[in-house]
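Asker: Before anything else, here's the structure in question.
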Amino acid sequence: MSVLELIERGGPRVVEHADLGARTTYRVGGSVRVLVTLATRADLEELGPSIFSSATPTLIIGNGSNLLVADGEHEIIAVHLIGEFESLEWHDEHGAVIVEAGAGLDLPVAARRLAGAGLVGFEWAVGVPGTFGGAVSMNAGGHGSDMAASVTLVRTYGPGGARVWKREDLNFGYRTSALAWPEIATDVTLRLAHGDATSALGTIKQIVRWRRENQPGGQNGGSVFRNPEGDFAGRLIEASGCKGLRHASAVVSDKHANFILVDPGGSANDVYALIDTVRERVRETSGVDLVSEHRFVGFEQVR
Ligand SMILES: Cc1cc2nc3c(=O)[nH]c(=O)nc-3n(C[C@H](O)[C@H](O)[C@H](O)COP(=O)(O)OP(=O)(O)OC[C@H]3O[C@@H](n4cnc5c(N)ncnc54)[C@H](O)[C@@H]3O)c2cc1C
């Protein structure tokens with residue numbers, strides 16, 4: 001199936017030359033040949049086979065909060081889930097609470113709603129601006145927890161149709177999981193507990209305050225590098241003298257050295273070049289090879 005056939009079949013669900021960079025939290029970078037937006041399971045079942053059978057590389061995008069897309073146009077089919085994939089429901093089962101979240105739902109929205117309903121164990125996610133699909137794929141985490149701590153099942157749709165992944169199939173590691181293209185996560189199941197809503201909302205407030213005080217605002221993609229075993233990427237970057245270092249439109253944050261900010265109207269290629277410089281300087285000063293947390297589109301994956 002060619003991209004042209006997908007465009008014909010998809011109608012308004014398929015947008016040509018879509019600005020993908022604008023859909024990332026860096027808000028810079030290039031466009032893709034087509035962006036396919038799927039709002040229903042019927043959409044996925046109808047267009048999925050055309051997407052999977054295309055010779056054009058494909059990318060599933062959540063909120064783009066861990067993506068850096070190179071400047072220029074990329075011959076890629078990007079897929080984005082909305083609508084029916086943003087649901088949130090829960091029920092009691094043998095004393096625990098089973099939460100079913102659509103893969104397109106935002107983590108902070110879910111964290112607030114669950115805490116408000118007195119369901120505890122997911123408050124940490126309020127500060128992670130991703131979707132459930134992106135979070136499960138990256139095993140997002142923070143504040144002493146991560147997705148692996150509560151995920152029990154993930155439902156995906158791929159070339160072989162619908163599939164259910166048990167927790168043990170997901171092979172969660174530090175910011176990694178076994179989920180990879182062509183499997184599109186559609187639903188994520190969590191196991192949480194009943195607790196006190198006031199206390200859970202208090203935790204949410206504290207986390208939001210901590211983030212505001214310790215992390216920069218502006219256009220960024222969160223932590224650029226994973227923390228190496230027994231150390232912190234931010235500390236190593238600071239020790240290398242890179243805090244505040246600028247490369248054209250990109251700058252290492254003064255507030256937290258593991259964040260790179262980019263000027264409005266700036267360039268993803270500037271961000272990538274600065275990531276390379278920071279890695280090089282840290283290697284020179286401490287001998288540590290930092291590994292990026294980001295997923296790169298149109299760039300070599302920095303390893
Ligand atoms: C200000 C800020 C703070 C952050 N803080 C944290 C933090 O504390 N902890 C943390 O872990 N991360 C953090 N991040 C990074 C980011 O929010 C997480 O990695 C998040 O899980 C990415 O989700 P996303 O929907 O934005 O995914 P995207 O960035 O869109 O995609 C990331 C990866 O997930 C894949 N993917 C997305 N959706 C699906 C799907 N439905 N099915 C299969 N694969 C999919 C993509 O193909 C890609 O490989 C932060 C980012 C920012 C900008």
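Asker: Restricting to region 134-184, name every residue that is more than 9 Å from the ligand (Cβ to nearest atom), in contact with a Phe, Trp or Tyr (Cβ under 8 Å, 6 or more places away or on another chain), assigned to a strand (DSSP E or B) and not hydrophobic (A, V, I, L, M, F, W, C).
Answerer: Matches in region 134-184: SER145, ARG155, GLY158, ARG163.
Asker: Filter region 204-220 down to the residues that are closer than 24 Å to GLY133 by Cα and either more than 11 Å from the ligand (Cβ to nearest atom) or in a strand (DSSP E or B) (or both) and list them by number.
Answerer: Across region 204-220, the qualifying residues are ILE204, VAL208.
Asker: Checking ILE98 against (1) in contact (Cβ under 8 Å) with a residue 60 or more places away in the chain; (2) of a type in the set (A, V, I, L, M); (3) buried (at least 17 other Cβ atoms within 10 Å of the Cβ), only one condition comes out false. Which one?
Answerer: Tallying (1) in contact (Cβ under 8 Å) with a residue 60 or more places away in the chain; (2) of a type in the set (A, V, I, L, M); (3) buried (at least 17 other Cβ atoms within 10 Å of the Cβ), ILE98 fails exactly one: (3).
Asker: Mind listing just one residue for me: the one in region 110-133 that is within 12 Å of the ligand (Cβ to nearest atom) and of a type in the set (Val, Ile, Thr) and, of those, farthest from GLY202 (Cα to Cα)?
Answerer: Result: THR131.
Asker: Sticking with this one: Quick one: which strands (runs of 3 or more DSSP E) sit completely within region 53-104 and have at least 1 residues that are of a type in the set (Val, Ile, Thr) and within 21 Å of the chain's Cα centre (by Cα)?
Answerer: So the answer is 58-61, 67-69, 73-81, 96-102.
Asker: Among the residues of region 221-250, which ones are touching a residue at least 40 places away in the same chain (Cβ under 8 Å), more than 14 Å from the ligand (Cβ to nearest atom), buried (at least 19 other Cβ atoms within 10 Å of the Cβ) and closer than 25 Å to MET138 by Cβ?
Answerer: LEU236, ILE237, CYS242
Asker: Would you tally the residues in region 257-280 being out of contact with any strand residue (DSSP E or B) (no Cβ under 6 Å at 6 or more places or on another chain) and surrounded by fewer than 18 Cβ atoms within 10 Å (Cβ to Cβ)?
Answerer: The number of residues fulfilling the criteria is 6.
Asker: How many residues, within region 143-154, are modelled with pLDDT of 95 or more and surrounded by fewer than 17 Cβ atoms within 10 Å (Cβ to Cβ)?
Answerer: 3
Asker: Out of the residues in region 1-24 meeting the condition of being among the β-branched types (Val, Ile, Thr) and surrounded by fewer than 19 Cβ atoms within 10 Å (Cβ to Cβ), tell me which one is modelled with the lowest pLDDT.
Answerer: ILE7
Asker: Looking at LEU261, LEU274, LEU290 in this structure, which one is free of Cβ contacts under 8 Å to residues at least 40 places away in the same chain and on the phi < 0 side of the Ramachandran plot?
Answerer: LEU274
Asker: Within region 27-44, count every residue that is over 15 Å from the mean Cα position of the chain (by Cα), in contact (Cβ under 8 Å) with a residue 24 or more places away in the chain and not in a strand (DSSP E or B).
Answerer: Residues flagged as over 15 Å from the mean Cα position of the chain (by Cα), in contact (Cβ under 8 Å) with a residue 24 or more places away in the chain and not in a strand (DSSP E or B) within region 27-44 amount to 8.
Asker: Name the residue that is nearest to ALA180 (Cα to Cα), counting only residues in region 45-87 that are more than 9 Å from the ligand (Cβ to nearest atom) and in contact with a Pro (Cβ under 6 Å, 6 or more places away or on another chain).
Answerer: By that ranking, first place goes to PHE52.
The values are calculated or read from the model by the stated rules, or taken from the named source; none is laboratory data. If you're wondering where the values come from, they're calculated on a predicted model, not measured in any experiment. Using ideal geometry, Cβ is built from the backbone for each residue, glycine included, and neighbour counts are taken over all protein chains shown.
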